[in-house]
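What follows is calculated from the coordinates using simple rules that are stated; it is not laboratory data. The structure presented is a predicted model; accordingly, all values stated were derived computationally and were not measured. Neighbour counts are summed over all protein chains in view; Cβ atoms, including those assigned to glycine, are modelled from backbone coordinates with ideal geometry.
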Amino acid sequence: MKKILITGGAGYIGSHVLRLLSQNKNYDLTVIDSLEKGFKQAVDIISSESQNTIKFIQMDLRNINDFDRLDNQKFDATLHFAAFILVGDSVEKPIKYFENNVSGSINLLKYLNESNSKNLVFSSTSALYSKRATPPFTEESLVEPENPYAESKYTTEKIINWMNESHGFRSIILRYFNPCGCSLDGKIGYSLIPSLHLFPNVVRGALGQQPFTVTCGKVNTADGTTIRDYFNVLDLAAAHKIALEALLEGKAGGTYNVGTGKGHSVKEIIDIVKKITGVEFKIEPGMQRPGELPEVYCDPSRFKNEFNWEPKYTLEQAVESLVKWFKKHPNGYNY
Ligand SMILES: NC(=O)c1ccc[n+]([C@@H]2O[C@H](COP(=O)([O-])OP(=O)(O)OC[C@H]3O[C@@H](n4cnc5c(N)ncnc54)[C@H](O)[C@@H]3O)[C@@H](O)[C@H]2O)c1
């Protein structure tokens, strides 16, 4: 039995990864989450359908004393999702982001070091790449965080790399591009409401559950809307499973982009939502965010080649899953 710790496992991405890992009977899973942004309901649903016992501990990584509740257990590996994630909010409240994402991670790393739990998968972000970099972004592209959120993630990456150097940690840092969608059966979903990510925002708009807030200024791309590397959250969950297995098998770590390597425009996504929902709607042209790159996509070949990972799910499936989820759960998990 392998003991796995999951921080932020009640959140959007963490819960999809938790569900996938809960299918492996050899994993003894512990989720820690403050529930400030996550939903205990997600963990309960996953627990109820899993043959594994999933321990849930409500605690805050910022409170060092909360770690006493882990009883000095040694974990074979940790997946660290817990963080605040909103770029705009981080610009307004930088301390909140550094305190949570950096200090919280330092507390976690102290615990993991003291309990000799040195295998770590860390959720990082494509947001740390420079606006001066040219797509496709490789792991060697210029890193130049332009907001406190991205800076907090990059700072944590650097701290983790020093823990590798100084304390024998082995880490896999995954820089996600733009995950989207939810579980195909509509049971595990997306609950940030009002939603701020493009896919749930447009789907909820089409279902009449919230006003459209897609603002997309005219940019220099074929259809005039921004292009991003959207990929299905289920493929991201599979990437975590593979990364975890690699660490448990004693393979070396590293830093990897996770995306498809292909960009899709906002207009293309809107067209998919229109086709699937049958709802015709117009998105008002908005302002382009200053300095925003018209086109971002990654070169995912390092992760694909080393781990034999290939995205399997489509963006259509991402939209269909969100339609299913929001039809059943217009208020997310708060039903
Ligand atoms: N969603 C994306 O598009 C995206 C893209 C790139 C990277 N990421 C990274 O993925 C990770 C997960 O993101 P998400 O979209 O699932 O966000 P989320 O907000 O849905 O989940 C984060 C979870 O962490 C918990 N949490 C936050 N601070 C905590 C603390 N101090 N102690 C305990 N729990 C805490 C929240 O309650 C929440 O359940 C984050 O680290 C984020 O930086 C997300």
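Between the helical axis of 12-21 and the longest alpha-carbon principal axis of the chain there is an angle of about 60 degrees. Near Phe212, no amide H atom lies under 5 Å from its own; only residues 5 or more places off or on other chains count, and H is placed 1.01 Å from N.
So what is the diffusion coefficient of region 22-171 in µm² per second by Stokes-Einstein at 4 °C and 1.567 mPa s, using a Kirkwood Rh over Cα pairs? This corresponds to a translational diffusion coefficient of 77 µm²/s.
Of the residues Ile13, Ile46, Ile95, the one that moves most in a GNM of the chain with alpha-carbon contacts below 10 Å is Ile95. When peptides 168-174, 4-10 are sorted by average Cβ neighbour count within 10 Å, with the highest value leading, the order is 4-10, 168-174. The C-alpha atoms of the chain define a longest principal axis, and helix 148-167 lies at about 30 degrees to it. Identify, among Val296, Ser115, Leu184, the residue whose Cα sits farthest towards the positive end of the charge dipole of the chain, taking +1 on the Cβ of Lys and Arg and -1 on the Cβ of Asp and Glu, with the dipole about the Cα centre. Toward the positive end, the furthest listed residue is Leu184. For the chain, a simple Cβ point-charge model (Lys and Arg +1, Asp and Glu -1, everything else neutral) yields a dipole of about 440 debye relative to the Cα centre.
In the chain, the longest principal axis of the Cα atoms and the axis of helix 266-277 are about 90 degrees apart. Backbone amide hydrogens, once placed in the peptide plane, bring Arg170 within less than 5 Å of Asn119, Leu120, excluding anything fewer than 5 places away on its chain. By its C-alpha gyration tensor, with a ≥ b ≥ c as the square roots of the eigenvalues, how is region 1-79 shaped: rounded for a/c under 1.5, else prolate for a/b larger than b/c, else oblate? It is oblate, given that a/c is not under 1.5 and a/b is not larger than b/c.
Considering every pair of different Cα atoms, what Kirkwood radius, in Å, is found for region 178-289? After inverting the mean inverse Cα-Cα distance, the result is 15.9 Å.
Over the chain, the pair-distance histogram of Cα-Cα distances with 20 Å bins from zero comes to 32, 61, 8 percent, rounded to whole numbers.
All other residues with a Cβ under 14 Å from the Cβ of Cys182 taken together, and with Lys, Arg as +1 and Asp, Glu as -1, what is their net charge? Cβ neighbours under 14 Å give a net charge of +2.
When Trp162, Trp325, Trp309 are sorted by how many other C-beta atoms sit within 10 angstrom of their C-beta, beginning with the fewest, the order is Trp162, Trp309, Trp325. Counting only Cβ charges, +1 for Lys and Arg and -1 for Asp and Glu, the dipole size of region 205-274 around its Cα centre is about 160 debye. Close amide H partners of Ile227, meaning residues 5 or more places away or on another chain with modelled amide H under 5 Å apart, are Glu295, Val296.
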